[in-house]
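Participant: Got a structure for you, written out below as structure tokens; questions coming shortly.
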2 protein chains.
Amino acid sequence: MENVLAELLPQLTRLSNTLGRGRLYERARAGAGVTLERPAMTILMILNAAGEPLRIGEIANRMQVEGPHVTRQVQVLEKDGLVERVVDPADARARLIALTNRGQDAASQYLAVVLGWFAEALSDWPAADRRDLTRLLARMVDDLSTHLASLD
Amino acid sequence: MENVLAELLPQLTRLSNTLGRGRLYERARAGAGVTLERPAMTILMILNAAGEPLRIGEIANRMQVEGPHVTRQVQVLEKDGLVERVVDPADARARLIALTNRGQDAASQYLAVVLGWFAEALSDWPAADRRDLTRLLARMVDDLSTHLASLD
DNA sequence: TATTGTTATACTCTATAACTATA
DNA sequence: TATAGTTATAGAGTATAACAATA
């Protein structure tokens, strides 16, 4: 198996670079009608995927970054009217970060562009292959995340 | 398909963050016996995968970064004795970057640690699933790269 | 006393512009 | 005149340390 994975690793790196950086990101971001730095957009995506307001610390966990970084990005998002910060009713130390309507729209539109790219790129695929890929890929990410977390 | 991919996208981002950043990277790097910044290690991996010396510009292409970034990283690698720079015999303007023995060892050992993580995480998988995943994932990365490149 | 978040600061990563050398 | 690479500089991304407020 290792030989196959050895080929895969650079490809995964390349894919994540392609999607996460450079002009391609600018193009997808333009579709969202906003001008945000990448980590700020990542926060919108995380809130969108969560479907509920999240704490600063929880966002930092999911991004796998330190707290202060999230604090600053959220300040920009709040200034732009894309998120709101409310005191957590369960704990006055914490803040809950929620998408505003504008923030929800931006997240949805950004996601639509990127998913559209995926759909176009894979339009020739047999449906069975698409199903298999998403199933196996989800499981891999799951198993790998669990395993890597267990190393600490 | 799009709903499944919508869940997958943050997971892919998270996976690439997990592998590419933070203490996990430090641990894999320690296995390689060197102390390099991430982009420098990426260059070692690219040269290792290529199996032959590459030009600065070609490395920049594969990393999807601009030239000056590669120049500086290569200067560090050369100072550490992990790569050599020789004038391209075919074009005296260009430089060919080649792994030294030490650089080859560092790349191999780093790769062994990361591939070991993959192998452990997927150890319970049926062989057929592993084969299917690598085959489909390679094809996806390929098709997606082609499609995204065609957008420019 | 421990935890959530913020402020201040510094380091890493990457891009752009100006330049040198060769084609 | 165009191309490969380098040097210089600036901006984006992230971490660490010190602090404030609440638990």
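The values are calculated or read from the model by the stated rules, or taken from the named source; none is laboratory data. Just so it is clear, the structure is predicted and the values come from calculations on it, not from any experiment. Cβ sites come from the backbone with ideal geometry, for glycine too, and all protein chains shown count toward neighbours.
Participant: So which residues in region B:15-74 are among the β-branched types (V, I, T) and more than 29 Å from A:R139 (Cβ to Cβ)?
Facilitator: B:V34, B:T35, B:I43, B:I56, B:I59, B:V65, B:V70, B:T71, B:V74
Participant: Go through the residues of region B:137-145 one by one and say whether even a single one is facing chain A (nearest Cβ under 8 Å), surrounded by 14 or more Cβ atoms within 10 Å (Cβ to Cβ) and either farther than 29 Å from A:R135 by Cβ or of a type in the set (V, I, T) (or both).
Facilitator: yes
Participant: Here is a follow-up. Going through region B:24-77 one residue at a time, which ones are within 10 Å of DNA strand D (Cβ to nearest atom), modelled with pLDDT under 95 and polar (S, T, N, Q)?
Facilitator: The one that is within 10 Å of DNA strand D (Cβ to nearest atom), modelled with pLDDT under 95 and polar (S, T, N, Q): B:N61.
Participant: Looking at A:G81, A:G67, A:G33, A:G20, can you tell me which residue is exposed (fewer than 14 other Cβ atoms within 10 Å of the Cβ) and within 15 Å of DNA strand C (Cβ to nearest atom)?
Facilitator: One residue alone meets the criteria, A:G67.
Participant: Residue check, B:M45 against (1) touching a residue at least 60 places away in the same chain (Cβ under 8 Å); (2) farther than 17 Å from A:Q11 by Cβ, all met but one. Which one?
Facilitator: It is condition (2) that B:M45 fails.
Participant: Counting only residues that are small (G, A, S) and touching a residue at least 12 places away in the same chain (Cβ under 8 Å), which one in region B:98-125 is farthest from the other protein chains (Cβ to nearest Cβ)?
Facilitator: Among residues in region B:98-125 that are small (G, A, S) and touching a residue at least 12 places away in the same chain (Cβ under 8 Å), the one farthest from the other protein chains (Cβ to nearest Cβ) is B:A98.
Participant: Those residues that are aliphatic (A, V, I, L, M) and either under 19 Å from A:I46 (Cα atoms) or touching a strand residue (DSSP E or B) at 6+ places or on another chain (Cβ under 7 Å) (or both), I need them from region A:103-136; list them, please.
Facilitator: A:A106, A:A107, A:L111, A:A112, A:V113, A:V114, A:L115
Participant: Find the residue count for region A:6-47, including only residues that are in a helix (DSSP H, G or I) and at the interface with another protein chain (Cβ under 9 Å from one of its Cβ atoms).
Facilitator: 22
Participant: Could I ask something else about it? Does B:A128 fit the bill of being surrounded by fewer than 16 Cβ atoms within 10 Å (Cβ to Cβ), out of contact with any Cys (no Cβ under 8 Å at 6 or more places or on another chain) and away from chain A (no Cβ under 14 Å)?
Facilitator: no
Participant: List every residue pair whose Cβ atoms sit under 9 Å apart, with the two residues 6 or more apart in sequence or on different chains, where the first one lies in region A:50-68 and is under 18 Å from A:V86 (Cα atoms) and away from chain B (no Cβ under 13 Å) and the second, anywhere, is within 13 Å of DNA strand D (Cβ to nearest atom) and part of a loop (DSSP other than H, G, I, E, B).
Facilitator: Qualifying pairs under 9 Å: A:P53/A:D88; A:R55/A:D88; A:R55/A:D91; A:R55/A:A94; A:I56/A:A94; A:G57/A:A94.
Participant: Need pairs with beta-carbon distance below 8 Å; first residue of a type in the set (D, E, K, R) and within region A:7-30, second buried (at least 18 other Cβ atoms within 10 Å of the Cβ) and assigned to a helix (DSSP H, G or I); sequence gap 6+ or separate chains.
Facilitator: A:E7/B:T134; A:R14/B:R62; A:R14/B:V141; A:R29/A:M41; A:R29/A:Y110
Participant: Scan (1) buried (at least 19 other Cβ atoms within 10 Å of the Cβ); (2) at pLDDT 95 or above; (3) within 16 Å of DNA strand D (Cβ to nearest atom) for the single condition A:L99 breaks and write down its number.
Facilitator: Of (1) buried (at least 19 other Cβ atoms within 10 Å of the Cβ); (2) at pLDDT 95 or above; (3) within 16 Å of DNA strand D (Cβ to nearest atom), only one is false for A:L99: (3).
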